[in-house]
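Undergrad: Handing you this structure, nothing more for now.
The values are calculated or read from the model by the stated rules, or taken from the named source; none is laboratory data. On a predicted model such as this, the values are computed, not experimentally measured, just so you know. Cβ placement follows ideal geometry from the backbone for every residue including glycine, while neighbour counts extend to all protein chains displayed.
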Amino acid sequence: MIEQESTCDMVSKPFNVSAEWILARRPALETVVRPFATVLGRRAKIIAALNGRLPATLLQRPVNESGMSWLVRHLSGQWNDGMAKVMGDLLPALNASFPDLSADFQTIDEMLPQHPDMAGTLYRAWLDGNQAAFNALAEDRRISAGALGFVVHWAMSTLFHALRIKWQEAQTPIPEITGHCPFCGSLPAMVLLLAPDQRINAFLSGGGGQAFLYCGLCGHQWRFARNRCPVCETDDHHRLVYYQEAENTGQRINVCHQCGHYLLCLDLRQTQAPPSLEMAAVGMIHLDVLAREKGFRPMASTPWNRID
């Protein structure tokens, strides 16, 4: 008799399959890939649980020109408890996967019930880019500001993924305007290049060899001009260049000499991709290192490119 997979196993499977796919090609990334696969699998289970509990009223406001910034900002007043629960649910997987930060994770876990408004405060500080608030709280509690930001980023990503999935299930159109994610406002973590007749999922179809930006925070994918920087919007081809390894032309880094940012690029005309695009980005961490060595900085901070 064949044993059926549990729902939890099925939710985690894309990340485990992706890990094996990457490690078959880059076994040296074992200590990087496995921890992220574990946390992404845990996050996927939390997202699945959240999806049925999201307040429907948040999905009824019409989309306007500015995209969805109203949605993520209004959550700060309604989701303090939800943010705290997500942080608490993620911490065991984070602790098991990144043991060097376990002391900080333990302190954060102890702080959550003692300070009920802390999660909401961190949410707002993160949205506002208020690093001073992170630093002050971290200093007061004698924990690393980097570790605190790491946990908050994972929690924000979990909430935003759940919201974006809910919104797309409702088939509500999301405007595609600039280099910023039209759903959550984040800059992209990766760009995908497709052939004219390629499709990789229901939200990526057609296009004459066009580019799709991928948001590392909420998972949204949207069309964008191939030869334009999402940050400064220059289209000067003398300022936009890329670097790649000779043996793998499907993975590269696109860099902008005008604003100094870089973006991971996955050329699906030249290479295959694992089931999880986030795991694909984790598997390209060597290119993050190369870009940093050349003096460029990422367009979007992600848990896997925090290598300062």
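Undergrad: Can you tell me which of (1) touching a residue at least 24 places away in the same chain (Cβ under 8 Å); (2) closer than 24 Å to G41 by Cα is the one F296 doesn't meet?
TA: The failed condition is (2).
Undergrad: Sticking with this structure for a sec: Is it the case, given these coordinates, that N248 is crowded, with 21+ Cβ neighbours inside 10 Å and polar (S, T, N, Q)?
TA: Working: crowded, with 21+ Cβ neighbours inside 10 Å: no; polar (S, T, N, Q): yes.
No: the conditions fail for N248.
Undergrad: Right, something else. List every residue pair whose Cβ atoms lie under 7 Å apart, where the two residues are 6 or more positions apart in sequence or sit on different chains, the first residue falls within region 122-137 and is assigned by TED's automatic domain parsing to the domain that holds F150 and part of a helix (DSSP H, G or I), and the second residue, located anywhere, is surrounded by fewer than 16 Cβ atoms within 10 Å (Cβ to Cβ) and of a type outside the set (A, V, I, L, M, F, W, C).
TA: That search, which allows pairs on different chains as well, returns L127/R73.
Undergrad: Here's a follow-up. Can you tell me how many residues within region 123-170 are hydroxyl-bearing (S, T, Y) and over 18 Å from the mean Cα position of the chain (by Cα)?
TA: Taking region 123-170 first, the residues hydroxyl-bearing (S, T, Y) are 123, 144, 157-158.
The next check asks that each one be over 18 Å from the mean Cα position of the chain (by Cα); those that pass are 144.
Residues that pass the stated criteria total 1.
Undergrad: Looking at region 128-179 only, could you name the residues that are farther than 22 Å from F224 by Cα and modelled with pLDDT under 80?
TA: D128, G129, K166, E169, A170
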